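Here's the structure, in structure tokens; my notes come after.
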Amino acid sequence: MATSFGTPKLGTTFTYQTLFLCKRFPIFPSSLSRTLEVGGFLSNGRRSHSFSCGRRFTTSTTTVRAESTNGAGSNAARHYDFDLFTIGAGSGGVRASRFAANFGSSVAVCELPFSTISSDTTGGVGGTCVLRGCVPKKLLVYASKYSHEFEESCGFGWLYETEPKHDWSTLIANKNAELQRLNGIYKNILKNAGVQLIEGRGKVVDPHTVDVDGKLYSAKNILISVGGRPFIPDIPGSDYAIDSDAALDLPSKPKKIAIVGGGYIAVEFAGIFNGLSTEVHVFIRQKKVLRGFDEEIRDFVGEQMALRGIEFHTEESPQAIAKSSDGTFSLKTSKGTVEGFSHVMFATGRKPNARNLGLEEVGVKMTKNGAIEVDEYSRSSVPSIWAVGDVTDRVNLTPVALMEGGALAKTLFANELTKPDYRAIPSAVFSQPPIGLVGLTEEQAIKEYGDVDIFTANFRPLKATLSGLPDRIFMKLIVNAKTDKVLGLHMCGDDAPEIVQGFAVAVKAGLTKADFDATVGIHPTSAEELVTMRTPTRKLRSSASEGKADSDIKATAGV
Amino acid sequence: MASLGRKMLIDGEIENSKEEDVHYDFDLFVIGAGSGGVRAARFSAQNEAKVGICELPFHPISSEVVGGVGGTCVIRGCVPKKILVYGASFGPELEDARNYGWELNEIIDFNWKKLLHKKTEEIVRLNGIYKRLLSNAGVKLFEGEGKVVGPNEVEVTQLDGTKISYSAKHILIATGSRAQRPAIPAQELAITSDEALSLEELPKRAVVLGGGYIAVEFASIWRGMGASVDLCFRKELPLRGFDNEMRAVVARNLEGRGIHMHPQTNLTELVKTEEGIKARTDHGEELIADVVLFATGRAPNTKRLNLEAVGVELDKIGAIKVDEYSRTNIPSIWAVGDVTNRVNLTPVALMEGTCFAKTVFGGQPTKPDYNHIPCAVFCIPPLSVVGFSEEQAIEQANSELLVFTSSFNPMKNTISGRQEKTIMKLVVEAETDKVLGASMCGPDAPEIMQGIAIALKCGATKAQFDSTVGIHPSAAEEFVTMRSVTRLVTASGKPRTNL
């Protein structure tokens, strides 16, 4: 149901606020005292009353009163330069800042100067998603997919006199022009929302003060949304390795690349380089790629990628990289050494950018992974300091950072206590073929519900029957046997990310398999398979002999 | 099983008790092995009914005497059409590849004959699969033309001319429909969609008459393969019955892809000339073409079924009149699919076939549900919709409507340079927050709309859409991130729109 209706408004009994009484009132004077509209978020909170957002505080009990963190009512008149100061203008930071400004508060955001490669001194408005993640990645996926489309098109009667060749520099130049454009758009979005953008490195100096390259700004609330960065383990020769930042902006196309890692970044880049006819070797520690995903999806995507020419080296841990006299690299693993790589890429995880921000010093608690620890409302252990996005290492996806940023702005400035809702978050892997999913994996569903029915389809799409390529599509529905609710939906194949979005609405709304079945198909599409799965592939019952799944396999239903 | 279903249905009718002892050759005899007929036959057989089905011999171009197991969808509709759409889509795709760094020859050849051959191979394969489906289900297939000779008797004229009669407790008519031709001088020079799917040569110049989905699909197919295409249609916009705003989007996109649009235009005559077929419009224009396609509607295949003789009522366009359970005025005769001209879509025929089998042989009277049937038009880029258009919503809704639209440049175009926006639209009833209609025109629209259709079918609210997290970066995520209302429309009155 509507979150806006379902969310309880903060009343006087709201408990977590009462815990934050001990923080000292900040003593830093405002360095930008011209900004007076500090009370913008305090007054009535409701947007319809925003004309009254002056400096006067009201005593409305329905207001989220961050000022209570000052510890005493007498301090309530404290003026800050900003209602909100955001460090980091990526997806979460921009969203929170814009929305906060839209709710009538005064907001500043600081961000490092633009660069395609992130570091302690470079970043750029737009953040990982726009500059070093989703967007450039997807653009390269588009580019690399063409080689497969050329192959497909031959089956449909298209003929190439000479084989299509790819020019890497054209792609990278066009990609970077697009990133510059998006960076500009993001800056404009902030400007149009009335958010002040400060270029520089922000550091927290006390619970209400941020230092940006020597200049101090006071703020009622500070938001940390500095994201994460690729992490490369320290092995001999790791300096030779590139990470995903660099891989998105290489001066020339790799001839032969080793990709270390089995997560979504690894499989996405494997697809990209393979599509651009680089020889690709993927080294994974486990037997399969994509740990944490549904096991059948893991098997399927691995097979399909291998069919397209990617070589997997399973159960191999990297031990050292060495440079040979001809300039190529060799990768030594627990099983042996593979030579002749023009590039070695590590896609071995990302770490939160929470270091050197002054957070520990002001008492912000960190998790053992170095992420900022936050409560359900994205509040850190310091009541005036909040954090959203990858720096909190909850669910590291752009739309989740957007959700967290939006929820935070509502909580702080719209008088609407809002928790981000982490149920049934759909996501995609832009491997080739891509994956889309929402809800639980089969393994999670069994653990949580015991009795589940599994519906699967594994078919050759119409396009492949003509192209003659070995492409297939795999789909899976996981249904609670007792309630008929669809618990999880997984797909690997063309258009999976686009297809799954609409189904995510249905899964999030708690719809049943019967609801799926009652929906008429759109013919001829791949997606219609998901509403025409009549017979369970297997019924898993926890009650069957000592927790052993009772597998009842049936043939897939026909036309 | 069978008698249970029958009892429930004809409960109270006098024939009921007497009929129990009558012996029939079949519990069900189906005339027409297309989507609806095959589905009904198979599912009835699965419910223990003894089922026979007849179908005309296979041929890509249908007539009174040829057809083929699989029917329109498989042999002359959805499937071959989509294959050609795939083939045609590569044309513009290849153009888009250049800015992504691909170096391609100036002109890339397209071999129509190869595609045609592979398409035919594929539909022959599917024809075989359908036949196997029937035999695996225990349905007896007869090749020949079926006629109804009595309320419980069917006559099949076999290929050698011999006739056999079978008695059946129930007869199901599922003979589908066929393309119609307008009566203009030299209309025989033109072709219909049947022939268009099997042309020997790819036209360099094509004229398409019609504004429906078949017309825009073939216009897109030929244009994508490099032909020059003129599209003539009677209304101001193509795709009558669809949301007006989306119709305008489709028109703009077709034009943007190089199709010459002739709105409010009809063809008055065709003339065979040296340079090709000359098509004269009612504006006095003359269009020269290698191929003229009539996509001017389809008519139910009821003429040679002898239905009048047994008293089955037809409507004025010749469609079989049926009740909510697909039953005709003759209690033992039923009809599903295009021959009933309800909603002429394959998945609807499947639904009707399934409901028929449940009703008659499953002991579970079931009405097909025509609410929220999603559908797609495979023009390039495609259109897909579910639920009400804005215009229908204005007529039907009880309160004010909130219209949310999103018009954006798809990410792929940012580099390819293609100038074409994707448009999405949600029509929401203000009072209930229910999403009444969703539409999209842009790449992958038909794939994207399927899941949305489940949500609408189950009465999802806008708040439920909003509470769903997006999949980034996708086009589909726009459907769950439409925050601000584009316009408010009063349900009863005139919309406040910029259209």
Check your understanding: Could you put B:TYR100, A:TYR240 in order, starting from the residue whose Cβ has the fewest other Cβ atoms within 10 Å?
Key -> A:TYR240, B:TYR100
Check your understanding: So how strong a dipole does the protein assembly as shown carry about its Cα centre when Lys and Arg Cβ are +1 and Asp and Glu Cβ are -1, to the nearest 20 debye?
Key -> 2440 debye
Point to revise | Shape category assigned to region B:414-499 from the gyration tensor of Cα positions, a/c cut at 1.5 | key: oblate
Revision key, fill the gap. Here D for region B:68-191, in µm²/s, from Stokes-Einstein with a Kirkwood Rh over Cα pairs at 4 °C and 1.567 mPa s, works out to 69 µm²/s
Revision key, fill the gap. Computed ³J(HN,Hα) along region A:479-489: with the Karplus parameters 6.51/-1.76/1.60, θ = phi - 60°, integer Hz and x for glycine or proline, the list is 10, 5, 5, 7, 9, 6, 5, 7, 8, x, 9
Practice item. Provide the net charge surrounding B:GLY37, with neighbours chosen by a C-beta distance below 12 Å and charges set as Lys +1, Arg +1, Asp -1, Glu -1. Key: -1
Study note, to complete from the structure: With x for Gly and Pro, the residue-by-residue ³J(HN,Hα) of region A:204-217, computed from phi through the Karplus equation 6.51 cos²θ - 1.76 cosθ + 1.60 at θ = phi - 60° and given in whole Hz, is 7, 10, 7, x, 10, 9, 10, 9, 10, 6, x, 9, 9, 10
Review point. What's the local net charge at B:GLU245, with K and R +1, D and E -1, over the other residues with C-beta under 12 Å away?
Key: +1
Study note, to complete from the structure: Per-residue average of other protein chain Cβ atoms inside 10 Å, peptide A:157-168 -> 6
Point to revise | region B:323-363 and region A:75-139: distance between their alpha carbon centers, rounded to Å | key: 59 Å
Revision key, fill the gap. Which residues qualify? For A:ILE522, with a placed amide H closer than 5 Å and at least 5 residues away or on another chain, they are A:GLU528
Study note, to complete from the structure: Computed curve, the protein assembly as shown, Cα-only Debye sum without solvent term, log₁₀ I(q)/I(0) at 0.06 Å⁻¹, is -0.52
Check your understanding: Just from the alpha-carbon atoms, what are the Rg and Dmax of region B:371-464 in angstroms?
Key -> 13.9, 45
**Study point:** Calculated over region A:370-477: convex hull of Cα atoms, volume per residue (Å³)
**Key:** 158 Å³
**Study point:** Average silhouette area of region B:290-347, convex hull of alpha-carbon atoms, in square nanometres
**Key:** 5.4 nm²
Exercise for review: Calculate the mean, over all residues of peptide B:114-127, of how many other protein chain Cβ atoms lie within 10 angstrom of the residue's Cβ.
Suggested key: 2
Exercise for review: Output the pairs from A:LYS508/B:LYS462; B:LYS147/B:LYS358; A:LYS476/A:LYS513; B:LYS81/B:LYS303; A:LYS137/A:LYS175 with a Cα-Cα distance over 18 Å in this structure; if there are none, say none.
Suggested key: B:LYS147/B:LYS358; B:LYS81/B:LYS303
Check your understanding: When Lys and Arg each count +1 and Asp and Glu each count -1, what net charge do the other residues less than 14 Å away from B:ASN398, Cβ to Cβ, add up to?
Key -> -4
**Study point:** Within straight-line cross-link reach of A:LYS220, lysines at Cα separation under 26 Å, skipping those fewer than 8 residues along the same chain
**Key:** A:LYS9, A:LYS23, A:LYS187, A:LYS191, A:LYS203, A:LYS365, A:LYS410, A:LYS419
Review point. Of all chymotrypsin sites (Phe, Trp or Tyr not before Pro) in region B:356-453, which ones are in loop regions per DSSP and have a Cβ with at most 13 other Cβ atoms within 10 Å?
Key: B:TYR370
Point to revise | region B:378-416-region B:76-90 distance, computed between alpha-carbon centres (Å) | key: 24 Å
Check your understanding: For A:TYR377, A:TYR160, what ranking results if the residue with the fewest other Cβ atoms within 10 Å of its Cβ goes first?
Key -> A:TYR160, A:TYR377
Check your understanding: Rounded to the nearest 500 deg cm²/dmol, what is the calculated helix-only ellipticity per residue at 222 nm for chain B, with -39500 (n - 2.57) per DSSP H run of length n ≥ 4?
Key -> -9000 deg cm²/dmol
Review point. In what order do B:ARG240, B:ARG76, B:ARG298 fall by count of nearby beta-carbon atoms within 10 Å, going from fewest to most?
Key: B:ARG240, B:ARG298, B:ARG76
Exercise for review: Quick one: give the max-minus-min coordinate of the C-alpha atoms of region B:235-353 along each principal axis, largest first, in Å.
Suggested key: 54, 36, 21
Check your understanding: Taking every pair of alpha-carbon atoms in chain B, what share in percent sits in each 10 Å bin, from 0 to the bin with the longest distance?
Key -> 4, 18, 25, 25, 19, 8, 2, 0
Practice item. In whole angstrom, note down how far apart the Cα centers of region B:216-266 and region A:225-276 are. Key: 45 Å
Review point. In peptide B:378-388, how many Cβ atoms from other protein chains are near each Cβ within 10 Å, on average?
Key: 1
Practice item. With a/c under 1.5 counting as rounded, go ahead and sort region B:28-101 into rounded, prolate or oblate using the C-alpha gyration tensor (a ≥ b ≥ c being the square roots of the eigenvalues; past the cut-off, prolate if a/b is larger than b/c, else oblate). Key: oblate
Point to revise | Projected area averaged over orientations for region A:80-236, convex hull of C-alpha atoms, nm² | key: 13.7 nm²
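Rule-based calculations on the coordinates, nothing more; no lab input. The model shown is predicted, which means the values in this text are computed figures rather than measured ones. All Cβ positions, even for glycine, are placed from backbone atoms using ideal geometry, and neighbour counts span all protein chains on display.
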